[in-house]
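The values are calculated or read from the model by the stated rules, or taken from the named source; none is laboratory data. Note that the structure is a prediction, hence the values are computed from the model and not measured. Cβ placement follows ideal geometry from the backbone for every residue including glycine, while neighbour counts extend to all protein chains displayed. These area figures cover heavy atoms from the full protein model, side chains too; ligands, DNA and RNA do not enter into them. Shrake-Rupley method; radii C 1.70, N 1.55, O 1.52, S 1.80 Å.
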Amino acid sequence: MNIPDNLKYTKDHEWGKIENGRLRVGITDYAQKELGDIVFVEVKAVGTKLKSGDTIGTIESVKAVSDIYTPVSGEIVEINTALSDTPELVNQDCYGSAWMAVILMDEPEKAGTLMDAAAYGEYVKSEAK
């Protein structure tokens with residue numbers, strides 16, 4: 001399983017990349033594998049204000065529909081519009097071209113409290129048992 005060292009992670013299997021007070025968010029390799037072939041991705045509009053744990057969108061696969069949660073409070077300032085036409089990008093490049101939203105964080109210091117790669121790896125192992 002691919003778990004890049006330069007990202008932060010949640011127990012809901014989202015990843016976040018800290019970028020100058022903003023957090024780029026997507027779902028992890030574990031999540032996309034568990035979901036299977038992704039067929040639809042919907043993310044809330046730019047300008048939407050969110051609290052940590054709020055739903056920022058939904059992702060639909062051949063197996064299930066799942067919510068995508070924000071790990072931080074803030075405002076959506078950018079969404080990945082490419083996913084509406086090519087949702088399969090999530091299966092192909094979940095940590096790269098398949099990012100879902102960029103959130104301008106209300107409290108950027110809280111992103112540091114998310115799990116690092118080692119902690120997330122241990123979490124996934126414990127969930128798989």
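The set of residues in segment 53-65 that are at pLDDT below 95 and either touching a helix residue (DSSP H, G or I) at 6+ places or on another chain (Cβ under 7 Å) or open to solvent by less than 40 Å² (accessible area, probe 1.4 Å) (or both) comprises Lys63, Ala64. Tell me yes or no: at least one residue of segment 29-51 is without any contact (Cβ under 8 Å) to a residue 24 or more places away in the chain and either surrounded by 21 or more Cβ atoms within 10 Å (Cβ to Cβ) or in contact with a Phe, Trp or Tyr (Cβ under 7 Å, 6 or more places away or on another chain) (or both). There is no residue in segment 29-51 that is without any contact (Cβ under 8 Å) to a residue 24 or more places away in the chain and either surrounded by 21 or more Cβ atoms within 10 Å (Cβ to Cβ) or in contact with a Phe, Trp or Tyr (Cβ under 7 Å, 6 or more places away or on another chain) (or both).
In summary, Pro71 fulfils each of the numbered conditions (1) open to solvent by less than 40 Å² (accessible area, probe 1.4 Å); (2) at pLDDT 95 or above; (3) within 19 Å of Tyr120 (Cβ to Cβ); (4) in contact with a Lys or Arg (Cβ under 9 Å, 6 or more places away or on another chain) with the single exception of condition (2).
Looking at Val90, Val46, Val102 in this structure, which one is farther than 19 Å from Leu7 by Cβ and among the aliphatic types (A, V, I, L, M)? Result of the check over Val90, Val46, Val102: Val46.
Going through Val102, Val124 one at a time, which residue ends up being open to solvent by less than 10 Å² (accessible area, probe 1.4 Å) and out of contact with any His (no Cβ under 9 Å at 6 or more places or on another chain)?
On the way: Val124 fails: out of contact with any His (no Cβ under 9 Å at 6 or more places or on another chain).
From the options Val102, Val124, the qualifying one is Val102.
Evaluated against (1) within 18 Å of Trp15 (Cβ to Cβ); (2) touching a Leu at 6+ places or on another chain (Cβ under 8 Å), Ala64 falls short on exactly one condition, (1). Within segment 81-116, the set of residues being of a type in the set (A, V, I, L, M, F, W, C) and either in a helix (DSSP H, G or I) or without any contact (Cβ under 8 Å) to a residue 24 or more places away in the chain (or both) comprises Ala82, Leu83, Leu89, Val90, Ala111.
Figure legend. Inter-residue proximity from segment 55-80: first residues over 13 Å from Glu42 (Cα atoms), second residues open to solvent by less than 10 Å² (accessible area, probe 1.4 Å) and at pLDDT below 95, beta-carbon distance below 6 Å, spacing 6+ or different chains. Indicated pairs: Val72/Ala111. Inspection of segment 14-27 finds a residue satisfying the criterion of being modelled with pLDDT of 95 or more, open to solvent by less than 40 Å² (accessible area, probe 1.4 Å), among the β-branched types (Val, Ile, Thr) and over 21 Å from Glu127 (Cα atoms).
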